[in-house]
Amino acid sequence: MNQSILVVGAGFSGAVIARELANNGHQVTICDARSNVGGNCHTERDKQSGVMVHRYGPHIFHTTDTEIWEYVSQFTTMKPYRHSVRTTVQSSVYSLPINLQTINQFFGKTFNSDEARAFLADQCEDFQAPQNFEQAALASIGRPLYEAFFRGYTIKQWGCDPTEIPAQVFARLPVRFNYDDRYFDHRLVGIPADGYTALIQNILDHPQIDLQLNTTCTAQDISDYDHCFWTGTIDSYFNFIHGRLGYRTLSFEMARKAGDWQGCAVMNYGDISAPYTRVTEHKHLAPWEDHNETVISIETSKACGPTDTPYYPTRKLSERDQLKSYVDMAKAAPNVTFAGRLGTYRYLNMDTCIRAAIDIVAAYCSAVTSGSPS
Ligand code: FAD
Ligand code: UDP
């Protein structure tokens, strides 16, 4: 039986949910508070230079899931892209993630792989099961590298001591004992040729999808529909009854420059004395394009106030009970499914959002078919 469904949020999660529902014959209304689709992946061309700008920070599509790569490739041309990042620390420029080049340069050595591994092992601290970011870092790379490359950056990024951050955040970056400086280990890495917004517009281009931009929804809006998929913040759906969950927001100071400004797409700034975390030079995220001018954005992280755009769920260790209260309410709420980075209050990459979106719609459609949608 075909259902009338509201999808809140037209980022990657909401768009894929809407498309999968429409492909299954359901009638979908998708709303977004913003004037464009794409959520935090939104890209737009700078009018003067023509450079494709990643409005909410640099986004690189990386996955091991071939099906997901093929899924997005139906809607765009995915351009293969090699992401390597540099970081400025203590007046020198290093390669990230930590690799043999970083180790040798930082310690003034000429180690081979095994020598570097043994050298770092001596500096590592023994935490069998690291309980936080700092312990995970000290167990993996030791104090000198942690203090130089991670401690200051993490304090700036998360606004708290690294001991308050889950250990898994450190695990997002590999540590390598060779000269491979690719930021991501994944086999499939690319960027859509015409940016993410065009890709998401194509996903939403379906006769059974009604897109409403500049439209903010609340929990009250779902009563007109058989079901709602909510990709906004989970705490806002419940009107912050257990208080506001923590998010970090970002601010970007944009500037146009001539030529090539920093010679790479992303330069991080590890020292606590640098007020910003990183600088993105957007044209290097589309190396297949040619532009004389260049656009940079200087990124600064801060606590997210009630009117700011939420970017990163902080998931501080101290927020566990509060989050559990919301998750329990979400499980009990009728006719609504929470999804996406904000709806599940998780750090999710784009490929994971898409996989989750496909899977939850498949589960929903099979429940509808068997007569038991919740
Ligand atoms: P969002 O993109 O946040 O979309 C949610 C949408 O819902 C928004 O458009 C919002 O306006 C709308 N909305 C919210 N509440 C309401 C409401 N009440 N009514 C109407 N609309 C509402 N992932 C990668 O795979 N690779 C990367 O390189 C990468 N880099 C990143 C860099 C940064 C700086 C950040 C912050 C994230 C990065 N990510 C990256 C993660 C990526 O941004 C997310 O995976 C993706 O944006 C999640 O999509 P989403 O649809 O779940 O959420
Ligand atoms: N990080 C750091 N220094 C860097 C880059 C990353 O300390 O130069 C830390 C920071 O805490 C970040 C985490 O490592 O949140 C994971 O890195 P990633 O690039 O995945 O950062 P994010 O997606 O959070 O921006």
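Listed values, structure above:
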| item | result |
| --- | --- |
| Amide hydrogen neighbours beyond the local backbone of Gly11, cut-off 5 Å, H modeled | Gly38, Gly39 |
| The chain shape via C-alpha gyration tensor axes, a/c threshold 1.5 | prolate |
| Using θ = phi - 60° and Karplus 6.51 cos²θ - 1.76 cosθ + 1.60, couplings along region 288-303 (whole Hz; Gly, Pro as x) | 7, 9, 10, 9, 6, 8, 9, 10, 10, 10, 9, 9, 10, 9, 8, 5 |
| Ranked list, fewest to most other Cβ atoms within 10 Å of each Cβ, for Phe338, Phe238 | Phe238, Phe338 |
| Label-to-label distance, nm, for residues given as Asn178 and Asn2 (7 Å Cα→Cβ offset) | 5.3 |
| Bridge type composition, the chain - antiparallel percent by DSSP, nearest 5 | 65 |
| Selection from Ile98, Cys353, Thr77 lying farthest towards where the dipole of the chain points positive, charges on Cβ | Ile98 |
| Listed residue pairs exceeding 31 Å between alpha carbons, taken from Lys156/Lys257; Lys283/Lys316; Lys109/Lys156; Lys156/Lys324; Lys302/Lys324 | Lys283/Lys316 |
| Three-way shape call for region 241-374 based on the alpha-carbon gyration tensor, with the a/c threshold at 1.5 | oblate |
| Thr66 versus Val93: modelled label distance in nm, points set 7 Å from Cα along the beta carbon direction | 3.8 |
| For Val51, distant residues with modelled amide H under 5 Å away | Asp46 |
| Globularity index of region 99-171, i.e. its alpha-carbon radius of gyration over 2.2 N^0.38 Å | 1.13 |
| Residue order, fewest to most beta carbons within 10 Å, for Thr87, Thr216 | Thr216, Thr87 |
| HN-Hα J in Hz across region 238-247 - Karplus 6.51, -1.76, 1.60, θ = phi - 60°, x for Gly and Pro | 9, 6, 6, 4, 9, x, 7, 6, x, 10 |
| Sequence-separation-based contact order of the chain, relative, with Cα cut under 8 Å and 6+ spacing, percent | 26 |
| J(HN,Hα) series, region 163-179, from Karplus relation 6.51 cos²θ - 1.76 cosθ + 1.60, nearest Hz, glycine and proline x | 6, 8, 9, x, 4, 4, 5, 5, 5, 5, 9, x, 10, 10, 10, 9, 9 |
| Only Lys, Arg (+1) and Asp, Glu (-1) charged, at Cβ; the chain dipole about Cα centre in debye | 440 |
| Linear extension gain, His291 paired with Tyr311, 0.36 nm per residue minus alpha-carbon span | 4.3 nm |
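A short reminder: the numbers here are calculations on the coordinates, not readings from a lab. Because the structure is a prediction, the values reported are computed rather than measured. Virtual Cβ from ideal backbone geometry, glycine too; neighbours counted across all protein chains shown.
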